[in-house]
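> Attaching a single structure in structure tokens format; questions to follow.
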Amino acid sequence: MALVHKLLNGTYILRKCQKPRVASCPFWGTHFADYCSSSFQKPVAAPGKASSQRKTKGNLEERHQREVALEITSPEDKPEISFDKAIKEEMKDHFRRLKDDIVKYWIGPEGRPLHEVLMDQAKVVWQFRSKEDLDKWTVTSDKAIGGRSEVFLKMGKNNQSALLYGTLSSEAPQDGESGRSGYCAMVSKIPRGPFEMKRSYDWSQFNTLYLRVRGDGRPWMVNIREDTDIIQRKDQMYSYFMFTRGGPYWQEVKIPFSKFFFSNQGRIRDAQYQLLLDKISSIGFTLADKVDGPFFLEIDFIGVFTDPAHTEEFAYENSPELNPRLFK
């Protein structure tokens, strides 16, 4: 009876244990099934080893995450790069811009009828309301020649202006060549059309430059460059002074184009020439007052307008056109 009881009890235990399906693989045998069923049972860890096992598991997970982060992308996951496709897309974009320019040309200047353009008395050329407006400008300082001045450009408060700020240093670079230093500048980029063709601004119907700025009391130099392809004239520009008042209030600056004097490589020339307003390439602001220290200039907009009270055409007598006897 005892033998029968043990056999029945063993049969009951085997029914409760989960075994693999031996019928699907008859060559495994009963002993292999018993071994698998015993190995699938979850071992009970000792209380002292539980914390060390969890720690080891956490370290393995962290190591796996680092390996996944450093894993190199497989060739199947790499984005497909096609230079031919990129060139075709670029050419399509340039031809589309060329088509738009041709359509605007037949309509009128800037895509507007001519009579509307001629009736304009004022025009905003640059304003600062987003980062895209800042991308149309570039800043530079005497760091290009080894100086220590610094200049930065960012959006002003509430993204309603551009803030030009930095530190001016007149210390000459120790290179044995440069004897003077200390300038910071902000210059507009030359506009480009389709196929990177240079464009220019036509201000021939206006006679005054109009700015709304706020500064710290320092004097600035406003520089205007003409559109030219002559290498000998690349350093030529027309300049005039802009005096900021300082304080928290905005000021409106109006400079007639007839006041701009001709200079070459930073030196005022004896022979003065009139600014050609139909071929303007860029405008810039330069600080070089030899006063070391911080500075700032905040600009709301830059525009042009027609002042009916201003009738002067050119302010300087030493011009070959106005006084040819001085240059004989």
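The values are calculated or read from the model by the stated rules, or taken from the named source; none is laboratory data. Only a predicted model underlies this, so the values are computations on that prediction, with no experimental measurement involved. As a convention, Cβ positions derive from the backbone with ideal geometry for all residues, glycine included, and neighbour counts pool all protein chains shown. Remember, those area values only see protein heavy atoms, side chains included, never the ligands or the DNA or RNA. Shrake-Rupley method; radii C 1.70, N 1.55, O 1.52, S 1.80 Å.
> If you go through region 269-298, how many residues are without any contact (Cβ under 8 Å) to a residue 12 or more places away in the chain and not in a loop (DSSP other than H, G, I, E, B)?
0
> Next question, about the same structure. Within region 185-198, which residues are over 22 Å from residue 256 (Cα atoms) and not in a loop (DSSP other than H, G, I, E, B)?
Those that are over 22 Å from residue 256 (Cα atoms) and not in a loop (DSSP other than H, G, I, E, B): 192, 194, 195, 196, 198.
> Which condition breaks for residue 228 when tested against (1) in a strand (DSSP E or B); (2) among the β-branched types (Val, Ile, Thr); (3) modelled with pLDDT under 95?
Going through (1) in a strand (DSSP E or B); (2) among the β-branched types (Val, Ile, Thr); (3) modelled with pLDDT under 95 one by one, residue 228 breaks only (1).
> Please work out which one of (1) at pLDDT below 80; (2) in a helix (DSSP H, G or I) is the condition residue 87 fails and give its number.
With respect to (1) at pLDDT below 80; (2) in a helix (DSSP H, G or I), residue 87 is out only on (1).
> Every residue in region 199-217 that is assigned to a loop (DSSP other than H, G, I, E, B) and buried (at least 18 other Cβ atoms within 10 Å of the Cβ), please.
Scanning region 199-217 gives 203, 206, 207.
> Something else: Just a yes or no: is a residue in region 258-266 at pLDDT below 95, farther than 20 Å from residue 127 by Cα, open to solvent by 90 Å² or more (accessible area, probe 1.4 Å) and of a type outside the set (S, T, N, Q)?
No: region 258-266 contains no residue that is at pLDDT below 95, farther than 20 Å from residue 127 by Cα, open to solvent by 90 Å² or more (accessible area, probe 1.4 Å) and of a type outside the set (S, T, N, Q).
> Would you mind stating whether residue 315 is modelled with pLDDT under 90 and closer than 19 Å to residue 242 by Cα?
yes
> Determine the pairs where a residue that is not assigned by the TED database to the domain that holds residue 164, located within region 129-146, has a partner that is loosely packed, with under 15 Cβ neighbours inside 10 Å and modelled with pLDDT under 90 with Cβ atoms under 6 Å apart, the partner being 6 or more residues away or on another chain.
Within 6 Å, no pair qualifies.
> Give 316, 249 a once-over and let me know the one that is in a loop (DSSP other than H, G, I, E, B), open to solvent by 90 Å² or more (accessible area, probe 1.4 Å) and of a type in the set (Phe, Trp, Tyr).
That would be 249, the only listed residue that is in a loop (DSSP other than H, G, I, E, B), open to solvent by 90 Å² or more (accessible area, probe 1.4 Å) and of a type in the set (Phe, Trp, Tyr).
> Could you tell me whether any residue of region 142-152 is modelled with pLDDT under 95, outside any loop (DSSP other than H, G, I, E, B) and open to solvent by 80 Å² or more (accessible area, probe 1.4 Å)?
yes
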